[in-house]
1. State the extension gain, in nm to one decimal, for the chain segment bounded by residue 27 and residue 132, taking 0.36 nm per residue of separation less the distance between their alpha-carbons.
2. Amide H to amide H under 5 Å from residue 92: which residues, 5+ apart in sequence or cross-chain, H placed 1.01 Å off N in plane?
3. Taking the Cα centre as origin and putting +1 on Lys and Arg beta-carbons and -1 on Asp and Glu beta-carbons, what dipole magnitude results for segment 65-178, to the nearest 20 debye?
4. Of 39, 221, 138, which is farthest along the charge dipole of the chain in the positive direction, counting Lys and Arg as +1 and Asp and Glu as -1 at C-beta?
5. Could you give me the ³J(HN,Hα) list for segment 209-222, computed from phi with Karplus coefficients 6.51, -1.76, 1.60 and θ = phi - 60°, whole Hz, x at Gly and Pro?
6. Can you compute the modelled spin-label distance between residue 19 and residue 4, with each label point 7 Å from Cα toward Cβ, in nm?
7. Which net charge results for the neighbourhood of residue 187, defined as the other residues with beta-carbon distances under 10 angstrom from its beta-carbon, given Lys and Arg at +1 and Asp and Glu at -1?
8. Across bins of 5 angstrom width beginning at 0, how are the C-alpha pair distances of segment 1-95 distributed, in whole percent?
Amino acid sequence: RQGYNEIMTYSFIAPADLAGLNLPEDDYRRKPLALLNPLTEEQSCMRTTLVPGLLSAAQKNINQKNLNLKLFETGPVFLPEAHKKLPREEKTVAGLLTGLSQEETWNSTAREVDFFDIKGCVETLLRELAVEGFSFAPSPQSPFLRPGRALDLLLDAQRAGCAGELHPAVAERYGFSQKIYLFEISLAHLLPRFTEERTFRALPKYPPVYRDIALIIDETISGQ
């Protein structure tokens, strides 16, 4: 419905893919399950995030001059757990957005996608699933996203994902010259809040009334 194309990437990645995301050495995502007999070094461990697969797909498309992309993937990630030999498999959804939001036409101009497009995509997804109790907060746990242009998705105050602009250092490693926007959400947190129930709400009787209001508030109050 939002115009995204689904991709399917390998669950096997290279350790360098995780290092290239600016993840600290002690980050749990830097401790993937290594394969005993990998086919290649590029597929020698199990992925702990869907982000490398999306970035690789975007890189290949952009190299072929396919510059306007809306990609998403749904699949498992394999997260290490303390004192356990095997990782925890967690279903995840992630998306990537870059390029123009629309082509130039006779009555509209082309516009590059921005931070609010990826945030709006997440909000639309949550509304379509009738998920309640969500909010956004500044994201300190996503080193692959640009500071000041990254948000954590909170479900009842519990972190369930993130969204924002790709960090310039990561973009440079992949050779991106255009801005890349990403989101990644744990379906393990999201699906328990999904409901198929829909409630009808009558249309308003009167046309909307718009007011332009300027407020002065404390800078510690979030505007997200």
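1. 34.8 nm
2. For residue 92, the qualifying residues are 75, 77, 187.
3. 400
4. The one lying farthest along the dipole's positive direction is 39.
5. Per residue, the Karplus-derived 3J(HN,Hα) values read 10, 9, 9, 9, 10, 10, 10, 10, 10, 5, 5, 7, 7, 6 Hz.
6. 3.0
7. Neighbour charge sum, excluding residue 187 itself: 0.
8. 3, 13, 21, 23, 19, 11, 6, 3, 1, 0
Since every read-out is calculated from the coordinates, none of them should be taken as a lab result. Please read these numbers as outputs of a predicted model, since none were measured by experiment. Please note: Cβ atoms are built from the backbone with ideal geometry, for glycine as well, and neighbour counts cover all protein chains shown.
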